[in-house]
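Okay, structure first, notes after.
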Amino acid sequence: MKKIITMMTLLMSLQVAAQLPESPFISYRYKIAPSITYFDSSSEYFLQYNDGKERHTMTLKPNTQKQLVFGLNYHLLSVNFGVTPGFMQVNKDTQKTKQFNLGINISSKKWFHTLNVAHRKGYFMDFNEINGFYSKISTLKLGGSTAFVLNDRFSYRSLAKNTEWQQKSAGSFVANTSFNYTKLNFGDDKDKIYAEMYNIMLAPSYYYNFIIKRNFMISIGLMVGTGFNFSDNDFDPIYELTGHLRLAYNQENFFSFVAINETNTSQKAKDGSFDDVYSTLRIGIGYRFDAPKKVNKVFDDFEHFYKKKLNSVNIFKKKEAETTQQQRKKDVFI
């Protein structure tokens, strides 16, 4: 009898285990994942304005748009920087070009915070009868964004950080807000001619991770944004549309991907417009290593401290709201 009961208990436990749903994604939070990515982009600025007599159009296009991007992903932190080696530069003897990119991403649960810095020097300019390469023209971009993922079963980290891997197909709406500062400099220190622009945007988006096989995934996404631009003491509306396509392969340690993005930004003003068309191609590979236990402890302690502080703030706000509500009830009673 005892043997029968034991066998029945074992069968029931196996049945329950079989019915438990598989985790929607795999986490690699305790692995360090360096990567290298070939980055190619197509970027053009279109500036149109009316001087009262006629309409003028200016086009700016950087000389070199290829880079090698080195990334390091671990736990809640990701860092990547892009440079253009000499062998990837175009006409480097006659058309001097400089460019540098730096990106930092910090994530916690469903929140993602990103900071980007990009500097480029050396542009082709087409303006009225002026057409040629100008090494003194440069752009500086500083940007930050915050994203919140609504669906708990969707892995945004599979797209942004390679610290997770989606196991079951899933999609999610993602709320985004961003701030960007852009400076166009048309001269050197002796002759400074520049334009500065500040953009603030809200951009809801939707992403879907489609699992072809266990190790292959296709991701698609669309983001539509709107906000306002501040420049020359004027506020103007700004619109943005971004499309995303990504094919990824993943193993326990090795991963690779090919990603295509295109972003169209349009700013309309009374006397002109400013448009930015930005397309990118990324081909990357990476490898995951087990992180040292001491490093894991440092990051776990930091995350615990952050969550504790956040909970303290939420408790304080809750008590403050309750106190305010009680005071209102007293006022009404009086």
Legend entry - Any hit, region 134-149, residues being more than 22 Å from Met197 (Cα to Cα), of a type outside the set (Gly, Ala, Ser), in contact with a Gly (Cβ under 9 Å, 6 or more places away or on another chain) and open to solvent by 50 Å² or more (accessible area, probe 1.4 Å): no
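Are any residues in region 214-240 β-branched (Val, Ile, Thr) and within 26 Å of Tyr194 (Cβ to Cβ), and if so, which ones? Spell out the reasoning first.
Kept after step one, since they are β-branched (Val, Ile, Thr), are these residues of region 214-240: 218, 220, 224, 226, 238.
Once the filter is applied, which keeps residues that are β-branched (Val, Ile, Thr) and within 26 Å of Tyr194 (Cβ to Cβ), region 214-240 yields only Ile238.
Would you check if Leu115 is in contact (Cβ under 8 Å) with a residue 12 or more places away in the chain, in contact with a strand residue (DSSP E or B) (Cβ under 6 Å, 6 or more places away or on another chain) and farther than 17 Å from Asp276 by Cβ?
Spelling it out, Leu115 is indeed in contact (Cβ under 8 Å) with a residue 12 or more places away in the chain, in contact with a strand residue (DSSP E or B) (Cβ under 6 Å, 6 or more places away or on another chain) and farther than 17 Å from Asp276 by Cβ.
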Legend entry - Breaking point among (1) closer than 24 Å to Phe39 by Cα; (2) open to solvent by less than 70 Å² (accessible area, probe 1.4 Å); (3) in contact with a Lys or Arg (Cβ under 8 Å, 6 or more places away or on another chain), for Val277: (3)
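A quick yes/no check of all residues on (1) free of Cβ contacts under 8 Å to residues at least 40 places away in the same chain; (2) open to solvent by less than 40 Å² (accessible area, probe 1.4 Å):
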{"site": "Gln166", "(1), (2)": "no, yes"}
{"site": "Phe173", "(1), (2)": "yes, no"}
{"site": "Leu184", "(1), (2)": "no, yes"}
{"site": "Glu196", "(1), (2)": "yes, no"}
{"site": "Tyr207", "(1), (2)": "no, yes"}
{"site": "Arg214", "(1), (2)": "no, no"}
{"site": "Ser231", "(1), (2)": "yes, yes"}
{"site": "Arg246", "(1), (2)": "no, yes"}
{"site": "Phe254", "(1), (2)": "yes, no"}
Legend entry - Failed criterion for Ile130 (all others in (1) within 16 Å of the chain's Cα centre (by Cα); (2) open to solvent by 50 Å² or more (accessible area, probe 1.4 Å); (3) among the β-branched types (Val, Ile, Thr) hold): (1)
Legend entry - Positions within region 125-184 being assigned to a strand (DSSP E or B) and among the basic types (Lys, Arg), in sequence order: Lys136, Lys141, Lys183
Legend entry - Selection status of Lys121, closer than 20 Å to His244 by Cα, open to solvent by 50 Å² or more (accessible area, probe 1.4 Å) and over 17 Å from the mean Cα position of the chain (by Cα): no
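Could we say that Tyr74 is open to solvent by less than 70 Å² (accessible area, probe 1.4 Å), within 20 Å of the chain's Cα centre (by Cα), of a type in the set (Ser, Thr, Tyr) and under 24 Å from Arg282 (Cα atoms) here?
yes
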Legend entry - Which listed residue is open to solvent by less than 40 Å² (accessible area, probe 1.4 Å), touching a residue at least 40 places away in the same chain (Cβ under 8 Å) and more than 29 Å from Asn131 (Cα to Cα), from Tyr38, Tyr45, Tyr28: Tyr28
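The values are calculated or read from the model by the stated rules, or taken from the named source; none is laboratory data. None of these values were measured; they are calculated from a predicted model. Neighbour counts run over all protein chains shown; Cβ positions are idealised from the backbone, glycine included. Calculation scope for accessible area: heavy atoms of the full protein, side chains included, ligands and nucleic acids excluded. Shrake-Rupley method; radii C 1.70, N 1.55, O 1.52, S 1.80 Å.
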